[in-house]
Amino acid sequence: MIDLIPLSYEILRLIWWLLIGILLIGFTLTDGFDLGIGTLLPFVARTDAERRVLINVVGPVWEGNQVWLILGGGAVFAAWPPLYAVSFSSFYLAMLVILVALILRPVAFKFRGKIDDLRWRNVWDWALFIGGSVPSLILGVAVGNVLLGIPFGLDDTLRPRYAGNFFGLLTPFALLCGLLSLSMIVAHGAAVIGLRTQGAPSDRARRYGRIAALTAAVLFAFGGLWIAYGIAGYSVTSVQNPSGPSNPLLKTVAQSTGAWLAGYSARPWTMIAPALGFAGCALAWFGMTVNGWRIALVGTSLAIFGIISTAGLSLFPFLLPSSLQPNASLTVWDASSSPLTLWTMLLVTGVLLPIVVAYTAWVYRVMRGTVTTETIGRNPNAY
Amino acid sequence: MIDFTVVDLSRLQFAATAMYHFLFVPLTIGLSFLMAIMESVYVMTGREVWRRMTLFWGICFGINFAMGVATGIVMEFQFGTNWAYYSHYVGDVFGAPLAIEGLMAFFLEATFIGLFFFGWDRLSKVSHLAVTWLVAIGANFSALWILIANGWMQNPVGSIFNPQTMRMEVVDFVAVLFSPVAQAKFVHTVSAGYVTGAMFIMSISAYYMLRGRHLDIARRSMAVAASFGLASALSVVVLGDESGYVTTEHQKMKLAAMEAMWHTEPAPAGFMAFAIPNVEKRENSFQIEIPYALGLIATRSLTQEVPGILPLVDHAKTRIRNGITAYESLQALRANPQDETARKTFNTTWPDLGYSLLLKRYRDDVAKATDADIEKAAFDTVPNVPVLFWSFRVMVGIGFYLIAFFALCFWLASRHTLGNNRMVLWIALLSLPLPWVAIELGWLVAEYGRQPWVIEGVLPTFYAASGLTLVDLAISLGVFLAIYTVLAIIELILMIRVIKKGPADRSVLEDMTGAPYASAAAPADANR
């Protein structure tokens, strides 16, 4: 069966590295605005009527959007099992916090509108705020920690062990990454609020959105400088066979300051990613300033694409560097599934993902247009 | 090396999440289909009452769907957080059906559920009906892929151990997909979901009937639920998944434990109607047997033997010894990949490698295991006999009761006397929890009965856990249990409110579509 696969193991791994990036970006583009709007909810919308408008902007689509995260988890499990095993168990308590936030969110959407009582609804509004802001922040903190390297090791049976603790994750650089993630997602949420609502919430979204876009750009730049001058990146120092077996213990790894930027001089075209990150923030700020919400949304989307790609490209070929036992770091070339699994999953994804994107687009089209108190009033199913 | 308290707490956390998750999932699997059927009637006949039914049961669906999603994320992520070595060891096989579930099924269900609620005034009747069916199909496909993954845990076909990567790798995906265990589980589980949906609608409708409220909706809902419920209840039992229990070694052990059958009986084996299993003495203190029944149920034949627990334990000893050889050759092979003798030995003995890992509980260096260690490890392959025995019996009892119940309802409904029979209505109302009880017990039999394995014959559960600390587990278990409890209470309060409030009246519908209410087709609601 393995002989029938037309692509080399190396190419399959590369494709799956890209696909995980696409899923992560897909998640941030779609569910990102749900998280952003959840974060902005208590500030941008003051009255119950305003809040209902905001909640009903995401109401018809958040369930589908969230599947990007679930699919992302499943895809990492299927395509990069060691990454799934090490990252999820190492970030145990951080994952717990994210999970709690993600439990609160669906429940808050469904429960909030069922009882017409302001105190009841206020509780769920804050649940939505937590459900939006906490995952946004922690996912960024997690990426920051990946860039720093995680204190995990692998024994000779490839059993992972973790030597850090939860508060060890909250380093200044990781927090900067968390704030970058949060501000990027808030800007994205603000752009969607502006596009889909009218009046006061839209005006307030402009104010918060502009600040968020600007903050994202500044933090992104600052993070870049930090990586260049303050953080020891990782590089593989032995010859690594890109089609070799998925055993992370067969290579050697060294740490040096600025190593994360080596890829950009080796492949200058990859500089387009950080460039897009900055351009996107600028475009978002401009769009919001001139009331061009479509432009703003294109801007925040570009920013998300650019910033996430920058993180992935800087790490390449690393997926998860280990600060405790650098030779055990997980890379694209030694932490994947078998060729047969990668190939089968590629076929399935190649067929199904375009279908998913097509019907998601159709649903967005059906639900397009401005959401107002009147449109909500007509639907007894509205949140 | 392995902290067994952490392992036990991780198991408890997983079991709590899985059982909690499965309070909501079967209901959404069943309700989605029933909603699709009701809306189909609406589109075909144009009778507005059918749409009000769809809407009302849809609200109940929505609340449970949210809870199912919320707990489903925890289910998926727990494999990585709490079972890291499991994720490494079998992710190559097990991850794929989970990912495909997201891609093929959950995306479908979750994307269209939004349109189901928000699309009434934006879609044509037929388009909206299509959306509802897509939700139902998504829910069922979702179950299919999850049960393929679970079926592989019970019957790990189509994969081999790779010494270079120290994990199981897939060689035949088709075998994984069409594993008889997976297919039997799928049919059994979704049928149980349909029964749950039908029972829910029966009970709530019976409540309205008893109260004399919403009679137009309640009567029709009961008719649909009675026929759908009868078909599903029959399907659960007839296509029950015990047919898969004879296919593999440990499934045989599970079956023997469910039957508290310590010794192999001459074919066809009898079905133990009642027994008091004594685990210490490895015998039953008392038993009542129905001759032939088990042989028929389990093997579908009168001549095939059903092996007992103690002979299976003896067989496990052989496999453990064989597994030690596999373990030693694996060590030799990893020290020197060119060692051809070791490779040959490993290639013939690797299927028993997992049995040698059972020894890790008693001895880190498996090669040094004593006869006493092997004896203990072999008896570890026996699941908890009394729990399995009684869980199985209660589940089967409820299964047969539900067939009788739905048959009665179906018969009364076809004679149009169901609504007047207050005793049957009361029975319907009080039977509400039964499908849930049966389903939870069914999972207990399937998963607790699989112990000590997480992947049968391949990976012991204790060996698969993450290297977490007791503090980690104490925090997470406390947080999850607190959240699950609070949310369960809120969910119950909300469901009761929604049910008490009942289906929306017609004026709301006029508002929603902006079109005048099509009253011609609907008979008057007796109570309004």
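Computed from the coordinates by the stated procedures, all read-outs in this text should not be read as laboratory data. Every value quoted in this text rests on a predicted model; they were computed, and no experiment measured them. Backbone-built Cβ (ideal geometry, glycine too); neighbour counts: all protein chains shown.
Return the long-range amide H neighbours of B:Glu265 (sequence gap of 5 or more, or a different chain), with a cut-off of under 5 Å between placed amide H atoms.
Answer set, sorted by chain and number: B:Val306, B:Gly308.
Classify chain B as rounded, prolate or oblate, taking a ≥ b ≥ c as the square roots of the eigenvalues of its Cα gyration tensor: rounded when a/c is under 1.5, otherwise prolate if a/b is larger than b/c and oblate if not.
Prolate is the answer for chain B, as a/c is 1.5 or above and a/b outweighs b/c.
How about segment B:361-426: which trypsin sites (Lys or Arg not before Pro) there lie in a loop by DSSP and see at most 10 other Cβ atoms within 10 Å?
Listed in order of number, the matching sites are B:Arg415.
Around A:Val236, with a cut-off of 13 angstrom between Cβ atoms, what is the net charge of the other residues, counting Lys and Arg +1 and Asp and Glu -1?
0
Partner chain Cβ atoms within 10 Å, averaged over the residues of A:107-114 - can you pull that number for me?
Shielding by partners across A:107-114 averages 6.
Taking amide hydrogens as modeled 1.01 Å from N in the peptide plane, which residues meet the under 5 Å criterion relative to B:Val454, leaving out close sequence neighbours?
Residues meeting the criterion, in which the H sits 1.01 Å from N, are B:Leu459, B:Thr461.
As a check on your grasp of the helix formula, calculate [θ] at 222 nm for chain B: sum -39500 (n - 2.57) over DSSP H runs of n ≥ 4, divide by the residue count, round to the nearest 500.
-23000 deg cm²/dmol
Using a 7 Å offset from the Cα along the Cα-to-Cβ direction at both A:Phe222 and B:Ser414, what is the distance between the two label points in nm, to one decimal?
Inter-label distance under the simple model: 7.5 nm.
Suppose only helical runs count, i.e. DSSP H with n ≥ 4. What mean residue ellipticity at 222 nm does that imply for chain A under -39500 (n - 2.57) per run, divided by all residues and rounded to the nearest 500 deg cm²/dmol?
Calculated from helices alone, the mean residue ellipticity at 222 nm is -23500 deg cm²/dmol.
What number, in percent, do you get for the relative contact order of chain B if the mean sequence gap of Cα pairs under 8 Å and at least 6 apart is divided by its residue count?
After rounding, I find 20 percent.
Pull up all non-local amide H partners of B:Met272: gap of 5 or more, or a different chain, and H-to-H distance under 5 Å with H placed in the peptide plane.
Answer set, sorted by chain and number: B:Ile290.
How large is Rg over Rh for chain A, taking Rg from the Cα atoms and Rh as the Kirkwood inverse mean of 1/r across Cα pairs?
0.99
Please give the contour-minus-distance gain from B:Leu470 to B:Phe400: 0.36 nm per residue of separation, less the Cα-Cα distance, rounded to one decimal in nm.
Here the answer is 20.9 nm.
So what's the net charge close to A:Trp362: Lys and Arg +1, Asp and Glu -1, counting the other residues with Cβ under 14 Å from its Cβ?
Residues near A:Trp362 contribute +3 overall.
Please give the average number of partner chain Cβ atoms lying within 10 Å of the Cβ of each residue in A:98-106, rounded to a whole number.
That works out to 6 on average.
So between B:Ala488 and B:Val437, what do we pick up on full extension, going 0.36 nm a residue minus the alpha carbon distance?
Contour length minus Cα-Cα distance gives 16.8 nm.
Between B:Leu429 and B:Ala407, take the C-beta separation as r, use R0 = 25 Å, and let me know the FRET efficiency to the nearest 0.05.
The value I calculate is 0.85.
Mind pulling the angle between the C-alpha long axis of helix A:272-289 and the longest principal axis of chain A? Nearest 10 degrees, somewhere in 0 to 90.
Compared with the principal axis, the helix lies near 10 degrees.
Would you please classify the overall shape of segment B:111-163 from the alpha carbon gyration tensor, given that a ≥ b ≥ c denote the square roots of the eigenvalues, rounded means a/c under 1.5, and beyond that prolate means a/b larger than b/c while oblate covers the rest?
Prolate, since a/c reaches 1.5 and a/b exceeds b/c.
In degrees, nearest 10, range 0 to 90: what is the angle between the Cα axis of helix B:340-349 and the longest Cα principal axis of chain B?
Computed tilt is about 50 degrees.
Using a simple charge model, +1 on the beta-carbon of Lys and Arg, -1 on the beta-carbon of Asp and Glu, nothing else, what dipole does segment A:19-159 show about its Cα centre, in debye to the nearest 20?
So the dipole magnitude of segment A:19-159 works out to roughly 360 debye.
May I ask you to list the trypsin sites (Lys or Arg not before Pro) in segment A:1-86 that are in a DSSP loop and have at most 13 other Cβ atoms within 10 Å of their Cβ?
Answer by residue number: A:Arg46.
So which trypsin sites (Lys or Arg not before Pro) in segment A:329-381 pass both tests, a DSSP loop state and at most 11 other Cβ atoms within 10 Å of the Cβ?
Sites meeting the loop and neighbour criteria: A:Arg368.
For segment B:83-117, list residues with backbone N below 17 Å from a point placed 7 Å from the Cα of B:Phe4 toward its Cβ?
Zone members listed by number: none at all.
Can you tally the net charge around B:Val41? Count Lys and Arg as +1, Asp and Glu as -1, for every other residue whose Cβ sits under 11 Å from the Cβ of B:Val41.
Net charge in that neighbourhood comes out at +2.
Note down the nm distance, to one decimal, between modelled labels 7 Å out along Cα→Cβ at A:Ile272 and at A:Ser256.
Taking the simple label geometry, A:Ile272 and A:Ser256 are separated by 2.9 nm.
What's the angle, to the nearest 10 degrees (0 to 90), between helix B:180-211's Cα axis and the longest principal axis of chain B?
The angle comes out near 30 degrees.
Among A:Gly21, A:Gly369, A:Gly194, which one shows the highest mean-square fluctuation when chain A is modelled as a Gaussian network with alpha-carbon springs under 10 Å?
Between A:Gly21, A:Gly369, A:Gly194, it is A:Gly369 that shows the largest mean-square fluctuation.
Suppose R0 equals 25 Å; then what is the FRET efficiency for B:Ile496 and A:Arg119 from their Cβ-Cβ distance, rounded to the nearest 0.05?
0.80
According to the square roots a ≥ b ≥ c of the eigenvalues of the Cα gyration tensor, what is the shape class of the protein assembly as shown, taking rounded for a/c under 1.5, prolate for a/b larger than b/c otherwise, and oblate for the remainder?
Oblate is the answer for the protein assembly as shown, as a/c is 1.5 or above yet b/c matches or exceeds a/b.
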